[in-house]
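K.L.:
Dumping the structure here so I can ask a few things about it.
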Amino acid sequence: MRLIRLTRGYARCVARLVPGGSTTSQKLNATIRELARAPRLPLPGDIEGLIPPSLPACVRRVPGAALWLWYTASDTELTLRALTAAPP
């Protein structure tokens with residue numbers, strides 16, 4: 001399992017978009033666990049894009065929610081970069 005790291009930008013997005021303890025919060029957490037446990041990233045269905053100014057990142061839709069999770073990953077770490085309510 002990868003170590004999960006949160007950026008300040010991600011934390012601000014979550015505070016704005018996801019009520020604590022909500023069903024959406026549970027879906028987001030399940031998506032993060034899935035990514036952290038995956039043997040290889042990106043997973044099928046993930047999209048590659050750029051976070052400004054030009055950081056390559058992957059995007060995964062949170063199933064059952066209108067949210068997109070932006071992340072970067074290595075073999076040992078999953079860094080959560082942003083959460084958006086609009087598709088990439």
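K.L.:
Label the chain by shape, choosing from rounded, prolate and oblate, from the square roots a ≥ b ≥ c of the eigenvalues of the Cα gyration tensor; if a/c is under 1.5 it is rounded, and otherwise prolate applies when a/b is larger than b/c, oblate when it is not.
P.N.:
Verdict is rounded for the chain.
K.L.:
Hey, can you rank 10-18, 77-85 by average C-beta count inside 10 Å, highest first?
P.N.:
Those peptides, ordered most packed to least, come out 77-85, 10-18.
K.L.:
Further question on the same structure: Would you calculate a helix-derived [θ] at 222 nm for the chain, using -39,500 (n - 2.57) for each DSSP H run of n ≥ 4 and dividing by the full residue count, to the nearest 500?
P.N.:
The per-residue figure over the chain is -9000 deg cm²/dmol.
K.L.:
So for the chain: antiparallel DSSP bridges make up what percent, rounded to the nearest 5?
P.N.:
80
K.L.:
Dipole magnitude of the chain about its Cα centre, charges +1 at Lys/Arg Cβ and -1 at Asp/Glu Cβ only, in debye to the nearest 20?
P.N.:
240
K.L.:
How would you classify region 1-49 from its alpha-carbon gyration tensor, with a ≥ b ≥ c the square roots of the eigenvalues: rounded for a/c under 1.5, else prolate if a/b is greater than b/c, otherwise oblate?
P.N.:
It is prolate, given that a/c is not under 1.5 and a/b is the larger ratio.
K.L.:
Could you check the simple spin-label distance between R5 and R33, using points 7 Å along Cα→Cβ, in nm with one decimal?
P.N.:
For R5 paired with R33, the spin-label model returns 2.4 nm.
Where a number appears in this text, it was derived from the coordinates with a stated rule and is not lab data. Here the structure is a predicted model, which is why all the values come from computation and not from measurement. Backbone-built Cβ (ideal geometry, glycine too); neighbour counts: all protein chains shown.
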